[in-house]
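Student: Before I ask anything, let me first share the structure, which is written out below as structure tokens.
The values are calculated or read from the model by the stated rules, or taken from the named source; none is laboratory data. This is a predicted model, so every value here is computed, not measured. Don't worry about glycine lacking a Cβ; one is built from the backbone with ideal geometry, like all the others, and counts go over all protein chains shown.
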Amino acid sequence: MARENMHKSLEVYYEKVDSCPLRDRQFNFFEFVYVLSGQGYHSINGNCLPFKSGDLFLITPKDSHTFDLENTCEFIVIRFAPCYVKSYSWQSIDHIECLLYYASHLSGSILVNPDDRQMVASIMDGIRRTLDHDNIYSEDLVRHFVNAIIVIAARNISVIKPENLSPNADVRILNILDYIQENIRQPDRLKIAEIAEEFGLSPTYLGSYFRKQCNEPIQQYISSYRIRQIEHRLRFSDKRVHEIADEFGFADESHINKFFKRHKGMSLKKYRQIYLLPNSLVS
């Protein structure tokens, strides 16, 4: 798979296209893609969902994505390196950075707050006007716009965090959650002993610490997160059950079906039939 690199810490541009110029590319930077107009489908990490005007997508480093356009589309694209986030004096720098990386498992628009959709629309309009009338202050103005987008994105992503996460959660628990999400397809790396060693904790302390921070057992969180990922595959990808089993480290279809049925009360095939997308494969 081809990789796209950037040489500046921040790049912002407008584009009007009839087809996606880059397909199945993997980046080494963050990328916001805002849909000014048009519609189609956005595929990211094997999942495919429709997009429309007003949607904002966040692609994280190592994600692979493609846009399939149904008509002429207009986008504002914001690319920024991980170092860009560190270079700004955020009030909660580590928290924002963790939240941005957390978006790696999301496929749809990250804007879940209606008021924020309106705010982002106004900011993107400001970016578009600034790009059209370049002058000595344009670069600084664009940076302020981008910083506002980052904060709004983090605010929307934060509501997708564990519902019971302590409002005073520290940076370490956010890093642990990020580690779990990053390794959700590698069961061996999600054993309690492995996670504890990764963060320099004892297995016993990790269990009590996680429960205190998230108000649920760590194994319950891991299972729930894996279930959500599997549901996402069933609803928004054409992967067959045996492919999903292999992706998430299950020995075979029987094992993943037992795991899924224990949590959802039905087989993967039945779940997909209920939430079937056009042309999905159910075998």
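Student: Within the group His95, His65, His105, which residue is under 29 Å from Ile230 (Cα atoms) and either at pLDDT 80 or above or of a type in the set (Val, Ile, Thr) (or both)?
Tutor: So the residue among His95, His65, His105 that is under 29 Å from Ile230 (Cα atoms) and either at pLDDT 80 or above or of a type in the set (Val, Ile, Thr) (or both) is His65.
Student: Going by the structure shown, is Arg211 among the basic types (Lys, Arg), modelled with pLDDT under 90 and either outside the structural domain of Ala251 (by TED's automatic domain parsing) or in a helix (DSSP H, G or I) (or both)?
Tutor: Values: among the basic types (Lys, Arg): yes; modelled with pLDDT under 90: no; either outside the structural domain of Ala251 (by TED's automatic domain parsing) or in a helix (DSSP H, G or I) (or both): yes.
Criteria not met by Arg211.
Student: Looking at segment 214-237 only, could you name the residues that are assigned to a loop (DSSP other than H, G, I, E, B) and crowded, with 17+ Cβ neighbours inside 10 Å?
Tutor: Scanning segment 214-237 gives a single hit, Ser237.
Student: So which helices (runs of 4 or more DSSP H) are wholly in segment 111-203 and hold at least 1 residues that are surrounded by 12 or more Cβ atoms within 10 Å (Cβ to Cβ) and at pLDDT 95 or above?
Tutor: So the answer is 114-132, 138-158, 192-198.
Student: Quick check on this structure: which one of Tyr225, Tyr275, Tyr221 is in contact with a helix residue (DSSP H, G or I) (Cβ under 7 Å, 6 or more places away or on another chain), farther than 26 Å from Ala154 by Cα and touching a residue at least 40 places away in the same chain (Cβ under 8 Å)? Reasoning before the result, please.
Tutor: Details: Tyr225 fails: farther than 26 Å from Ala154 by Cα; Tyr221 fails: farther than 26 Å from Ala154 by Cα.
The unique qualifying residue is Tyr275.
Student: Of the residues that sit in segment 251-262 and are over 23 Å from the mean Cα position of the chain (by Cα) and surrounded by 14 or more Cβ atoms within 10 Å (Cβ to Cβ), which one is farthest from Gln186 (Cα to Cα)?
Tutor: Only one residue tops the list, namely Lys261.
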